[in-house]
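Structure record follows, encoded as structure tokens.
The values are calculated or read from the model by the stated rules, or taken from the named source; none is laboratory data. Keep in mind the model is a prediction, meaning the values are calculated, not measured. Using ideal geometry, Cβ is built from the backbone for each residue, glycine included, and neighbour counts are taken over all protein chains shown.
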Amino acid sequence: MSLDFSTLLLVATLICTLLGGMLLYFGTQEKIPALYWWGAAYLIGAATVAQWQLLGSVLPELVVLSLASAGFIACGMMWNAARVFHGRRPNWPGLVLGAIAWIAAVILLPPDSSSLRMTLGAGIVAIYAALTANELFSERRKAVMRRWPAMLVPLLHGGVLMLPVVLAELLPARSNAYTSNIWVLIFAIELVLYAIGTVFVVFMLVSEQTVSAHKTAAALDPLTGLFNRRGFSEATARMIEREAEAGRPVTVMIFDLDHFKSINDRFGHPAGDEVIKLFAAIVSGSLRISDLCGRIGGEEFAALLPCSIDEAMTAAERVREAFEGCGLEVDGAPIATTVSIGVAGGPANIELDVLLAAADTALYQAKRGGRNRVVATVEQPLSLEQGRRRAAQRHEPVQQVIVRNAMRIGA
């Protein structure tokens, strides 16, 4: 069975047009700028192939070859789409450099240098394909095994274009016409597969990004941008496991804004939200980048620090002083901004619920002691089960409070 080259190009043109329109539509629906780039690249590429097929026998060869430069702009747009998708700015000089190089070759090279021009064109497309693959590879937030399909499609496209150039010296001279037809046919088939494969990769990347965004949104507090209770629990569990492997202690702090209800009653909930956002900014700015902090209740925050309790006490005092001295005012009326902080530390492998329960007990003591202070607890058991056993053996009410508070926090 023989395959007609013109029919294959027509199929590729129709597929690219359809896929380009689909990408633009989804880009409009999902508000993803990279889809605009990918969709426009497909439509420009389809238009370039169409004008080559329809106008090739009507217009002068020099004009047809010059119009083909739009195809290289489409390749540059594919590369820039990958850049935009990963949050980078478009490379405008690189976008048009391939087209400029092609037009220069068309004008400057002799008319009988068609083979050289085709080699140059294949090289330009292959370079853009390599740049696209590199852009996808350099996205370090994903594992290499998860990125390989996105990198493989443009690399194969560039390889198909450059393979006949590389093998030109190895092919017998008498079979050049035959092999040229074979490679043109292979390229036409590959163009169809590349168009479909690229769209598959695009939707795979968009889907993965959307899922990641939803997971991030589910773990963050919308008012402060800090972890919510769920996100804080998941992140701290990973940190405790990591620190346990290294045998290092961890410390938990619980913050409760003093007299927060009176702020809402006097100035309204918008003012209360501003106080919460201000405290979140102070906590984030006062702790280290390796520390984790989150909003676990209305006016209650928590932090996990990979350090000893003495270091955590210093950090907690720094937060308390910064919040007390922030000088917040509403309509010219000053607002007293103070916070009570409970601190609890433990050795490696300690359970998060135990630390939270102990810190909550210390916070209760800080509230009873007059507020606007930092209170730390004494040594705690390694697990809730050990705490229950000690409470049963020693009849210590303090341990019973720790267990009860831990159950409340986990609810």
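For residue 307, all conditions in the list (1) touching a residue at least 12 places away in the same chain (Cβ under 8 Å); (2) more than 27 Å from residue 263 (Cβ to Cβ); (3) not in a loop (DSSP other than H, G, I, E, B) hold save one; what is the number of the exception?
(3)
Pairs under 8 Å by beta carbon, first residue closer than 22 Å to residue 133 by Cα in the range 193-222, partner modelled with pLDDT of 75 or more and loosely packed, with under 15 Cβ neighbours inside 10 Å, six or more apart or different chains?
From the range 193-222, the pairs are 206/30; 210/30.
Residues checked against (1) surrounded by fewer than 22 Cβ atoms within 10 Å (Cβ to Cβ); (2) among the charged types (D, E, K, R); (3) modelled with pLDDT under 90; (4) touching an Asp or Glu at 6+ places or on another chain (Cβ under 9 Å):
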{"residue": "300", "(1), (2), (3), (4)": "yes, yes, no, yes"}
{"residue": "345", "(1), (2), (3), (4)": "no, no, yes, yes"}
{"residue": "360", "(1), (2), (3), (4)": "no, yes, no, no"}
{"residue": "383", "(1), (2), (3), (4)": "yes, no, yes, yes"}
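Can we say residue 234 is under 23 Å from the mean Cα position of the chain (by Cα), part of a helix (DSSP H, G or I) and either touching a residue at least 40 places away in the same chain (Cβ under 8 Å) or assigned by TED's automatic domain parsing to the domain that holds residue 372 (or both)?
Here the answer is yes, as residue 234 does meet what is asked.
Exactly one condition in (1) out of contact with any Ser or Thr (no Cβ under 9 Å at 6 or more places or on another chain); (2) in a helix (DSSP H, G or I); (3) modelled with pLDDT of 85 or more is false for residue 110; which is it?
The one condition residue 110 does not meet is (2).
Looking at (1) modelled with pLDDT of 85 or more; (2) surrounded by 22 or more Cβ atoms within 10 Å (Cβ to Cβ), which is the one condition that is false for residue 92?
(2)
Restricting the range 72-86 to residues that are closer than 16 Å to residue 102 by Cβ and touching a Gly at 6+ places or on another chain (Cβ under 8 Å), which is surrounded by the fewest Cβ atoms within 10 Å (Cβ to Cβ)?
Looking at residues that are closer than 16 Å to residue 102 by Cβ and touching a Gly at 6+ places or on another chain (Cβ under 8 Å), I get 73.
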